[in-house]
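Here is the structure we will look at, set down as structure tokens.
Just so you know, all these numbers are worked out from the coordinates, no wet-lab data involved. Note that the structure is a prediction, hence the values are computed from the model and not measured. Because the Cβ atoms are built from the backbone with ideal geometry, glycine has one as well, and the counts that use them run over all protein chains shown.
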Amino acid sequence: MWDWSFTIAILPELLKALKITLSATVVAYFLACVLGLLIAMVKRTTWKLVVYAVSGVVEFIRSTPILAQLYFVFYVFPKFGLTLTPFVAGVLTIGVHYSTYLSEVYRAGIDAVPVGQWEAASVLNFSRARIWLTIIIPQAIPPIVPVLGNYLIALLKETPLLSAITLVEVLETAKIIGDNSFRYLEPITLVGLIFLVLSYLLSLLVQQIHAKLS
Amino acid sequence: MEKQNDAVKGRPIVRYHKIAKVFGDQQVLTDIDLDIFPGEKVALIGPSGSGKTTLGRLLVTLERPTSGTIEVNGELLWHKSVNGQLLPADEKHLRRVRGQIGLVFQQFNLFPHMSILQNVMEAPVHVLGMSKGEAKEQATAMLNKVGLGHKLESYPRQLSGGQQQRVAIARALVMRPKVMVFDEVTSALDPEMVGEVLAVLKEIAAEGNMTMLLITHEMAFAREVADRVIFMDGKIVEQGSPNDIFVNPQNPRTNAFLSRFRQA
Ligand SMILES: Nc1ncnc2c1ncn2[C@@H]1O[C@H](COP(=O)(O)OP(=O)(O)OP(=O)(O)O)[C@@H](O)[C@H]1O
Ligand SMILES: [Mg+2]
């Protein structure tokens, strides 16, 4: 059943497509991390209207499917004059979507920093920005690294959705190979294994970072 | 007596005027009028929940008065004067006025992710704009002063409570405040560590020029160090020299409060 020479023949093509999967993951996750933190910080300001507005948008993004958002950004935005490449549209959509999840993770981390830390810093007259940067964030993040890491792995597994907006990532490549050769077993199984290995490696990496930070 | 007259010279450095503070439906402070003069050591005593901490926190803007005004060195804390008009203070104004006040908490509140030296250096560098070298020098000197010059690279969790509190004192002092508020800085400590922290406070007091507001349950200490003792319970009940208050209190509530300590 399993054809080893076919397996070896298609491997380079799959690995090439894997680059797209990986770069989309890294860029989207980076965006999610930065934006998620900003959302969590804005939600702790006293600007009520901004907080309401941001909370509303976050709630909306979190409760609608990524696929719908991908279609909207890729197919509807151009109607308003904003045409994006599949990669940019995809990374933006997934990154923003995941930032709404990560903002909740950050919130938990920030809430866990004792109020006495804020008070001590403010009595020492640190600026708001300084308090965030040197007192709160360094204490809020180490405990949440494992959860942040879980979202990285979840995001990685979300990237096949990008094929819906014509980005040929690793799973779509496997499917095309199957369509052309009428052999689906090897390419699809390989993609499964690739995701398994990647997820495992990422979880090791996250463990390392967590151990180092705490 | 000589000591007190000396201290009560000139313009007050801190002035609470008709201060009231309400939390929800609980009135915690009522009609507080209090002038503290440069160099004065004021001990604030009173039962638990009598508003002592709140009074201290008002001075560093951790709480905002419900009504009344606070002046620091002649400047209103929550208002700034622009062309003779009073406007709500902005962050810049708050920070400038607040910069003259230091506060040490009962719970130390050291930054756990920083070494002792970093704890003390951080504010001089980022708030006062000191160079790293200069800040390190001053922080080290201050830590030496509180007897912790040999612990610079330790982290707070490696220190005893008494040592942590001494770091917290050094961290506040290195900012060169004109007024220091000490809020029950020995209450969270094991009894055998109270002495080392009080010794540091006495040393600061003995230098003379620091204005100190000492919130404390250590009556012997208050009696020794303070120029003036205030007994409060939501409002100022009675104040006077340590002798007036501890030996000869006029108000029966003061007497009742102090009798608990006499028995102990
Ligand atoms: N942020 C707050 N919100 C609501 N109530 C508060 C707040 N801070 C203080 N209180 C209440 O105000 C009252 C006075 O508190 P405060 O801490 O000033 O008393 P204290 O004299 O320092 O007492 P202790 O000797 O126990 O430290 C208490 O009843 C307290 O519960
Ligand atoms: Mg208190």
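At a glance:
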{"read-out": "Percentage, to the nearest whole number, of Cα pairs in the range B:1-154 over 19 Å apart", "value": "65"}
{"read-out": "Kyte-Doolittle at least 1.6, axis length at least 27 Å by Cα - qualifying DSSP helices, chain A", "value": "A:4-42"}
{"read-out": "Stokes-Einstein diffusion coefficient of the range B:73-229, Kirkwood radius over Cα pairs, 4 °C, 1.567 mPa s, in µm²/s", "value": "78"}
{"read-out": "Label-point separation in nm, A:Tyr200 to A:Ala164, each point 7 Å along Cα→Cβ", "value": "3.0"}
{"read-out": "Spatial separation of Cα centroids for the range A:152-214 and the range A:6-82, in angstrom", "value": "17"}
{"read-out": "Mean separation of Cα contacts under 8 Å (6+ apart) over length of the range A:4-213, as relative contact order %", "value": "29"}
{"read-out": "For the protein assembly as shown, the fraction of alpha-carbon pairs in successive 20 Å shells from zero, as %", "value": "19, 40, 24, 13, 3, 0"}
{"read-out": "Assigned charges on the beta-carbon of Lys, Arg, Asp, Glu; chain A dipole about Cα centre (debye)", "value": "640"}
{"read-out": "Inter-probe distance in nm under a simple model that places probes 7 Å from Cα toward Cβ, at B:Asp35 and B:Arg11", "value": "1.2"}
{"read-out": "Dimensionless Rg/Rh of the range A:62-214 - Kirkwood Rh, Rg from C-alpha atoms", "value": "1.11"}
{"read-out": "Neighbour-limited loop hits for chymotrypsin sites (Phe, Trp or Tyr not before Pro), the range A:1-105 (at most 15 other Cβ within 10 Å; DSSP other than H, G, I, E, B)", "value": "A:Trp2, A:Trp47"}
{"read-out": "Residue-by-residue Karplus 3J(HN,Hα) for the range B:101-117, coefficients 6.51, -1.76, 1.60, Hz, glycine and proline x", "value": "10, x, 9, 10, 8, 4, 9, 6, 6, 5, 8, x, 8, 10, 5, 4, 4"}
{"read-out": "Ellipticity estimate at 222 nm from DSSP helix runs (n ≥ 4, -39,500 (n - 2.57)) divided over the protein assembly as shown, nearest 500", "value": "-17000 deg cm²/dmol"}
{"read-out": "Choice from A:Ile110, A:Ile144, A:Ile176 showing the highest fluctuation, given a GNM over chain A with Cα pairs closer than 10 Å", "value": "A:Ile176"}
{"read-out": "FRET efficiency, A:Trp4 to A:Lys157 (Cβ-Cβ, R0 30 Å, nearest 0.05)", "value": "0.65"}
{"read-out": "Chain lengthening between A:Ser214 and A:Asp179 when straightened (0.36 nm per residue, less Cα-Cα)", "value": "7.7 nm"}
{"read-out": "Theoretical gain in end-to-end length, A:Thr83 to A:Asn150 [0.36 nm per residue, Cα-Cα removed]", "value": "20.9 nm"}
{"read-out": "Given B:Lys18/B:Lys80; B:Lys92/B:Lys145; A:Lys48/B:Lys178; A:Lys43/B:Lys92; A:Lys16/A:Lys212, the pairs whose alpha carbons are separated by over 29 Å", "value": "B:Lys92/B:Lys145; A:Lys48/B:Lys178; A:Lys16/A:Lys212"}
